[in-house]
1. Tally the residues that are part of a helix (DSSP H, G or I) and within 34 Å of the chain's Cα centre (by Cα), restricting the search to the range 18-52.
2. Report those helices (runs of 4 or more DSSP H) wholly inside the range 205-257 carrying at least 1 residues which are away from the ligand (no atom under 16 Å from the Cβ).
3. Check off (1) touching a residue at least 60 places away in the same chain (Cβ under 8 Å); (2) not assigned by TED's automatic domain parsing to the domain that holds GLY321 for SER71 and give me the number that stays unchecked.
4. State which residue is surrounded by the fewest Cβ atoms within 10 Å (Cβ to Cβ) when the search covers only the range 102-157 and only residues that are within 9 Å of the ligand (Cβ to nearest atom) and in a helix (DSSP H, G or I).
5. Which of the residues belonging to the range 53-64 are surrounded by 13 or more Cβ atoms within 10 Å (Cβ to Cβ) and in a helix (DSSP H, G or I)?
6. Just to be sure, is LEU232 over 22 Å from LEU160 (Cα atoms) and without any contact (Cβ under 8 Å) to a residue 60 or more places away in the chain?
7. Based on this model, can you work out whether LYS197 counts as on the phi > 0 side of the Ramachandran plot and charged (D, E, K, R)?
8. Output the number of residues of the range 80-98 satisfying the condition of being away from the ligand (no atom under 16 Å from the Cβ) and either surrounded by 20 or more Cβ atoms within 10 Å (Cβ to Cβ) or hydrophobic (A, V, I, L, M, F, W, C) (or both).
Amino acid sequence: MTLFDLNLDDLENFIESLGEKKYRAKQIFLSLYKDRVTSYDEMTTLKKEFRDLLKEKLPFPTLELVNRQVSTDTTEKFLFRLSDNNLIETVLMPHDYGYSLCVSSQVGCPMACSFCASGAFGFKRNLETYEMVKQVLDVEKYSNKKISSVVIMGIGEPFLNYDNVIKFIRIINNDFGIAIGARHITLSTSGILPKFKDFEKEKFQVNLAISLHASNNELRNKLMPVNKKYPLEDLIDAIKTYIENTNRRVTIEYILLDGINDLDTNAKELAKLLRGLNVYVNLIPYNETSNNDYKRSKRTNIFFDLLKKEGLNVTVRKEHGHDIDAACGQLRGKMIKGE
Ligand code: SF4
């Protein structure tokens, strides 16, 4: 456990267990997340003896920046080395409304989606909460930009690292922390159904996005092995229940792959699956990688029009960083392969 693994309540309990006053936790939180101190020594509101005790009991961790690519559209891609030498990727994207950060939740990913560069290198381990919090803090430090929204959509399946991800959300959402509004945080899952209920119970205003990417079971089984365990009809039922119980709109992500899932029949099937649900569909142009043969669809506009005609809310995701290793996991993959 490190300093950046604790939300404010945890830190208050920890500080009290050391025999200090609870309000010190708030001071520490403000130093970390508002003043952005980089060591205990900079927390001059605390007595030196107390700082020394904290140094001994609660490590102040760092991530090592090993690569940073900046795109012509100002998208930035960061590669960080963790204390056990594993590598993770984080992407900063410019929008009209500010900057969003795409955070990784695992080292590698066990879900093995066939189109994904992240899945191609297997799964190593879950990220600790601090390794997610530090992605946000360090990208702000290196880029000198203020992040206004966070998407947990990078490498990994966040629902398989549930507790650490939830703690991460609480820390970045806390008013004394980084204070990113819940409505500006999005968690994206490939559909680990048992976790939907848990997430619902958090009573967050956090957005839920589902990586759907296919319009029938046969296709989804091929693209996303998770579908063999949690098939499409069960996933749609879970989405429906989630919407009914939370009254929140869900985002459906659909990567368009040439000749695979971008046909008229796919659009019709997708519309049938989603009809009547409070969802909006985000169509994502595919970033080709050398790890597979999938190609970018040439029918994005046609597919968009078909879904519109079927009455769905649909958008096409704006592309970011096309001139750098834009596909999620590509930069990390290159480093692993030694390219
Ligand atoms: S698409 Fe997402 S869930 Fe699938 S392998 Fe890639 S990172 Fe994992």
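The values are calculated or read from the model by the stated rules, or taken from the named source; none is laboratory data. If you're wondering where the values come from, they're calculated on a predicted model, not measured in any experiment. Note that each Cβ is placed from the backbone with ideal geometry, even for glycine, and that neighbours are counted across all protein chains shown.
1. Of the residues in that region, 15 qualify.
2. 217-223, 232-246
3. (2)
4. Here the answer is ALA120.
5. LEU53, LEU54, LYS55
6. Judged against the criteria, LEU232 is not a match.
7. On the way: on the phi > 0 side of the Ramachandran plot: no; charged (D, E, K, R): yes.
Spelling it out, it is not the case that LYS197 is on the phi > 0 side of the Ramachandran plot and charged (D, E, K, R).
8. Counting residues in the range 80-98 that are away from the ligand (no atom under 16 Å from the Cβ) and either surrounded by 20 or more Cβ atoms within 10 Å (Cβ to Cβ) or hydrophobic (A, V, I, L, M, F, W, C) (or both) gives 4.
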